[in-house]
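Structure record follows, encoded as structure tokens.
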Amino acid sequence: MSILGDRCAPGLRAGWLDAMPEVVTRGTGEHEVEADRAEVQVTFSAEAADRSTAVARLGERVAAVEPAVAGDGVELRQRSISVHTQWDNNRRAGCTAQELLVLRVSDAAVLDDLLAALFTAEPDWLNGPQWSLSDESAAMREAQRKAVEDARTRAQAYAEALGGHLGALIRLADDGADRPYPMQMTMAAADARMGPDSVRQLGLTPGTVTIRAVCTAVWSLER
């Protein structure tokens, strides 16, 4: 919302024209770019009567996807494991070992093969792909340009409504930016027969990333 303000020192009875009135406007700019990077989170687990056996079984499950995880265009961002005891009426009933992998794909061409390999290993949980930009700087600059232009357009409309014209920019403040990335896909245990062709049928093409910039501008109002 835009605000017209008359900034005078307290106690002074200067007229509206003598006090250098100001126009304060808020501008918003958005710029959409096709994503070039994806992130996938996948979890595997295994159960056994004791911790060591559970961990060993988990290692066998994860070993099946190691070649895909180490492939070109795939970056292992995080790898964490948890082991906990299962209880039944205060009695020890076994152990569960779980491993989380967070993978970043910088080459969209290898995403289908990666997902096919993960699905074939039948993970307990898969979340992704979540699309993003490897470099937001160019998109951010364009969003900022649009935000300033929006603030200027609003200010000019107020100046004209008052019978004046917009003067120089006095102050500009960055109000932050949002990055509302596209929705991501979440899947539970997958069909072991799912291959790259089946993954392609899901239509997991790169989504559009929206970069938003918001600014507050203060302009002088001239008559």
Next on the checklist: Can you pull out every residue in the stretch 128-145 that is open to solvent by 70 Å² or more (accessible area, probe 1.4 Å) and not polar (S, T, N, Q)?
Outcome noted: Asp135, Arg141, Arg145
Checklist outcome for this item: Per the filter on the stretch 46-72, residues open to solvent by less than 20 Å² (accessible area, probe 1.4 Å) and either assigned to a strand (DSSP E or B) or under 30 Å from Asp135 (Cα atoms) (or both) are Ala46, Ala48, Val65, Val69
Item to check | Single condition Glu39 does not satisfy, out of (1) of a type in the set (D, E, K, R); (2) closer than 30 Å to Gln144 by Cα; (3) outside any strand (DSSP E or B) | outcome: (3)
Checklist outcome for this item: Restricting the stretch 108-120 to residues that are open to solvent by less than 20 Å² (accessible area, probe 1.4 Å) and closer than 22 Å to Glu47 by Cα, the one modelled with the lowest pLDDT turns out to be Phe119
Next on the checklist: Just the residues that are aliphatic (A, V, I, L, M) and out of contact with any Lys or Arg (no Cβ under 8 Å at 6 or more places or on another chain), please, taken from the stretch 126-146.
Outcome noted: Leu126, Ala138, Ala139, Met140
Next on the checklist: Among the residues of the stretch 196-210, are any on the phi < 0 side of the Ramachandran plot, among the hydrophobic types (A, V, I, L, M, F, W, C), modelled with pLDDT of 80 or more and open to solvent by less than 30 Å² (accessible area, probe 1.4 Å)?
Outcome noted: yes
Checklist entry - Does Arg92 fit the bill of being among the basic types (Lys, Arg) and either buried (at least 19 other Cβ atoms within 10 Å of the Cβ) or in a helix (DSSP H, G or I) (or both)? => result no
Next on the checklist: Scan the stretch 148-156 and tell me whether some residue there is touching a residue at least 60 places away in the same chain (Cβ under 8 Å), surrounded by 15 or more Cβ atoms within 10 Å (Cβ to Cβ) and under 21 Å from the mean Cα position of the chain (by Cα).
Outcome noted: no
Checklist outcome for this item: Over the stretch 15-29, the set of residues modelled with pLDDT of 95 or more and open to solvent by 20 Å² or more (accessible area, probe 1.4 Å) is Val24, Arg26, Thr28
Checklist outcome for this item: If we keep only residues of the stretch 97-143 that are assigned to a strand (DSSP E or B) and touching a Gly at 6+ places or on another chain (Cβ under 7 Å), then the residue farthest from Val83 (Cα to Cα) is Trp131
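The values are calculated or read from the model by the stated rules, or taken from the named source; none is laboratory data. Keep in mind that this is a model prediction, so the values were computed, not measured. So basically every Cβ, Gly included, is an ideal-geometry build from the backbone, and we count neighbours across all protein chains shown. Quick note on the areas: whole protein, heavy atoms, side chains included, nothing else; ligands and nucleic acids left out. Shrake-Rupley method; radii C 1.70, N 1.55, O 1.52, S 1.80 Å.
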